[in-house]
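The values are calculated or read from the model by the stated rules, or taken from the named source; none is laboratory data. Remember, predicted model here, so these are calculated numbers, not experimental data. A quick note on method: Cβ atoms are made from the backbone with ideal geometry, for glycine too, and the neighbour counts reach across all protein chains shown. The accessibility values were calculated without ligands, DNA or RNA, using every heavy atom of the protein model including side chains. Shrake-Rupley method; radii C 1.70, N 1.55, O 1.52, S 1.80 Å.
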Amino acid sequence: MIPFLPILIGLIILFLFASIFTVKQQTAAILERFGKFHSIRQSGLHLKIPLIDKVAGRLSLKIQQLDVIIETKTLDDVFVKLKVSVQYKVVTEKVYDAFYKLDYPHDQITSYVFDVVRAEVPKMKLDDVFVKKDDIALAVKAELNDAMMDYGFDIIRTLVTDIDPDPQVKIAMNRINAADREKTAAQYEGDAQRILIVEKAKAEAESKRLQGQGIADQRREIARGLEESVDVLNRVGINSQEASALIVVTQHYDTLQSIGSETNSNLILLPNSPQAGSTMLNDMVASFTASNQIGEAMKNQKPKKRDS
């Protein structure tokens, strides 16, 4: 009897070890008895009957993510690949449904994602796919929630994380964007040049106006000075003709003196003989006389009366 005692103790220890099992946090264990569902065990230390009870499987209660890549065609006949990320978890109260109703939940979720995306994207142009990716994600989530809740899965969120058109399409899109930016830059440069030309023309016009005004003021002051000079000479007994001759000769020699004093002045040929002033005066007097004669003739000419 004594040799069987250690064997008995060993069997008892093995029985205890076979009876004890643990379940990790955020995990549910499905216990079957003789191949039939018996119970669901949550996290902690649990007992089972060896050779009778069996842990059929374990389900994670954490939020999981499934990435699905779908290739489809848009409304403008562009092939595009979309990456849809589905975040889901097993509902604690529906562990039985999640374990026994679906053998491959990932495949089921993938099928629904393919179905929704290939129904929504062909209605949109490529640009709209980028803009309305949130609408696609919401449509996928709504469809999955209705379908997967009966199987014990809760869809937390769906995200369209990547949109990848055909490489040739991306190159064409980049070329279009680059051309559009170059066009905009050229328009801005043209506007800037046009503004510079307009402002330059305005500045030149203003400069010419001020220059003309300055010349007019200068000539007006010269005329006023000449008038005053003639009045002064008249008061001392010099008549207007003699005064004009004196002023012309004085200005003539003042001009020659001014040119001679400038070392950097250009070569200018002017008459500098004593008769030069007299000649200019005679020409001036002759022109004044001719002008007066023409004026008198026009005054004396009377309009002819018409015969009644």
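Key figures
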read-out	value
Members of segment 166-203 that are among the basic types (Lys, Arg) and either under 14 Å from the mean Cα position of the chain (by Cα) or open to solvent by less than 100 Å² (accessible area, probe 1.4 Å) (or both)	Lys170, Arg181, Lys183
Complete set of residues in segment 150-172 that are part of a helix (DSSP H, G or I) and in contact with a helix residue (DSSP H, G or I) (Cβ under 8 Å, 6 or more places away or on another chain)	Asp150, Tyr151, Val169
Residue match in segment 121-128 (condition: in contact with a strand residue (DSSP E or B) (Cβ under 9 Å, 6 or more places away or on another chain), under 15 Å from Ile70 (Cα atoms) and modelled with pLDDT of 90 or more)	yes
Qualifying residue in segment 88-109 (condition: free of Cβ contacts under 8 Å to residues at least 40 places away in the same chain, outside any helix (DSSP H, G or I), of a type in the set (D, E, K, R) and under 27 Å from Gln26 (Cα atoms))	yes
Conditions (1) of a type outside the set (Phe, Trp, Tyr); (2) in a loop (DSSP other than H, G, I, E, B); (3) within 60 Å of the chain's Cα centre (by Cα): number failed by Pro50	(3)
Any hit, segment 69-89, residues being surrounded by 13 or more Cβ atoms within 10 Å (Cβ to Cβ), of a type in the set (A, V, I, L, M) and in contact with a Phe, Trp or Tyr (Cβ under 8 Å, 6 or more places away or on another chain)	yes
Phe153 vs. criteria closer than 18 Å to Asp67 by Cβ and either among the hydrophobic types (A, V, I, L, M, F, W, C) or crowded, with 20+ Cβ neighbours inside 10 Å (or both)	yes
